[in-house]
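Below is one structure, written out as C-alpha cells; the observations come after it.
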Amino acid sequence: MLVKLTDCIDINEVYEYLYSDEAGAVNTFLGTVRNHSKGKTVIKLEFEAYEPMALKELNLIAERAKQQWPIYKVAIIHVVGSKQPGEAVVITGVSSAHREASFEACRFLIDELKKTVPIWKKEYYEDSSVWVNAHP
C-alpha cells in the first residue's frame, strides 16, 4: 500500500505504484483547492494532521478496501502544509482486474478518509481566515 502524508502529491508516483500488468483498471480521485468557499474567494488552504493517528486511520481504510473488493493495490496520500487554488491536496487510487471494483473502492477510500482521518484545514480568504474540519 502507498499511504502517506506529504507536502506535495506526485500523480505519476501514484500511477506508477498502482500500475500492474494484471490490472484492467486503475482508478484515482484527485482533490484540489477551489478558489471559492461559502461565497468568498479562497487565497490558500493550510492543512494540519495528527500524523500518527492519521497514518493509522489511512492504513485501516486501505485494509478495509482490500477486504471488501478484489483490488490489487491501494494508494492514499494527503498533503499537509499550505496549498494554493488548483493545487492537489488528496489522492486516492486503486488497481483491480475490473472497473466496477476500482470505482467503488476508490470512492470508499475518499469517503472514509473524509469521515475518520484527523486532518484539519484553515481557509484563507481575502479579508479573513477560519479553521474548519477538512472532512465533515
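Only residues that are among the β-branched types (Val, Ile, Thr) and within 18 Å of residue 60 (Cα to Cα): list them for the stretch 82-110, please.
Within the stretch 82-110, 90, 91, 92, 94, 110 qualify.
Might you let me know whether the stretch 59-80 holds any residue that is within 20 Å of residue 133 (Cα to Cα), of a type in the set (Lys, Arg), assigned to a strand (DSSP E or B) and modelled with pLDDT of 95 or more? No; the residues of the stretch 59-80 include none that is within 20 Å of residue 133 (Cα to Cα), of a type in the set (Lys, Arg), assigned to a strand (DSSP E or B) and modelled with pLDDT of 95 or more.
Being under 12 Å from the mean Cα position of the chain (by Cα) and surrounded by fewer than 15 Cβ atoms within 10 Å (Cβ to Cβ) is true of residue 11.
Would a scan of the stretch 92-105 turn up a residue that is in contact with a Cys (Cβ under 9 Å, 6 or more places away or on another chain) and of a type in the set (Gly, Ala, Ser)?
Within the stretch 92-105, one or more residues are in contact with a Cys (Cβ under 9 Å, 6 or more places away or on another chain) and of a type in the set (Gly, Ala, Ser).
Contact map, the stretch 5-27: residues that are closer than 26 Å to residue 82 by Cβ paired with residues that are among the acidic types (Asp, Glu), Cβ distance under 8 Å, separation 6+ or inter-chain. Pairs shown: 5/51.
For the stretch 32-58, taking the residues that are small (Gly, Ala, Ser) and assigned to a strand (DSSP E or B), the one that is modelled with the highest pLDDT is identified as 49.
The values are calculated or read from the model by the stated rules, or taken from the named source; none is laboratory data. Keep in mind that this is a model prediction, so the values were computed, not measured. Virtual Cβ from ideal backbone geometry, glycine too; neighbours counted across all protein chains shown.
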